[in-house]
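Some notes on the structure that comes next.
The values are calculated or read from the model by the stated rules, or taken from the named source; none is laboratory data. From a predicted model like this one, the values you see are computed outputs, not experimental measurements. Cβ coordinates were reconstructed from backbone atoms using ideal geometry, including for glycine residues, and neighbour counts include every protein chain displayed.
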Amino acid sequence: MDFFKQLASNKVLVTCVTAWFIAQLLKIILTFYKTKKIDITRFIGSGGMPSSHSSFVMALATSIGKTFGWASAEFAMSICFAFIVMYDAAGVRRAAGYQAKVLNMIIDDLTHHKPLGNKRLKELLGHTPKEVFAGAILGIIIAQLMM
């Protein structure tokens with residue numbers, strides 16, 4: 001029980017999880033605004049506005065900076081980690097999403113002419129730079145408010 005008590009008292013961790021939670025909640029709200037349908041799966045899904053990965057890692061870096069100092073090795077490690085995660089979200093994962101979209105179009109085309117499995121690939125994997133930036137700003141704001 002002491003383990004969970006210590007986790008709950010870790011302000012840096014609580015701040016990161018709060019930033020992630022708010023970003024995921026915003027995805028549901030923004031999806032509802034666009035589609036007029038509540039899609040609870042957006043809470044655990046990847047991709048979309050804002051990037052919860054970016055919110056999480058920027059809340060981490062900001063919290064670490066405020067706790068240990070902006071010149072600390074801990075902040076340097078956490079901001080480098082954040083940039084890698086955000087680059088991956090907007091680069092590699094986004095490219096994989098484009099590939100899934102093209103493969104799904106091929107499957108759709110082939111399905112109309114001859115039997116082929118119609119299992120669709122997940123297309124919403126990565127983020128646009130705007131989604132990454134919005135997530136990063138959200139993470140910084142949450143950390144500034146909570147730390």
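If only residues of segment 57-84 that are surrounded by fewer than 18 Cβ atoms within 10 Å (Cβ to Cβ) and not hydrophobic (A, V, I, L, M, F, W, C) are counted, the one that is nearest to ILE137 (Cα to Cα) is LYS66. Considered as a group, the residues in segment 108-146 that are among the acidic types (Asp, Glu) and at pLDDT 65 or above include one that is surrounded by the most Cβ atoms within 10 Å (Cβ to Cβ), and that residue is GLU131. Entry remark, segment 1-33: residues being within 20 Å of the chain's Cα centre (by Cα) and surrounded by fewer than 10 Cβ atoms within 10 Å (Cβ to Cβ) number 1 in total. Restricted to segment 34-56, and to residues there that are within 19 Å of ILE137 (Cα to Cα) and assigned to a loop (DSSP other than H, G, I, E, B), the residue that is nearest to the chain's Cα centre (by Cα) is SER51. Annotation note: Cβ proximity below 7 Å between a residue of segment 25-36 that is among the charged types (D, E, K, R) and a residue that is not in a helix (DSSP H, G or I) (sequence gap 6+ or interchain) occurs for LYS27/GLY48; LYS27/MET49. Of all residues in segment 85-96, one or more are within 24 Å of ILE137 (Cα to Cα) and modelled with pLDDT of 90 or more. Within segment 34-51, being surrounded by fewer than 17 Cβ atoms within 10 Å (Cβ to Cβ) and among the charged types (D, E, K, R) holds for LYS34, LYS36, LYS37, ASP39.
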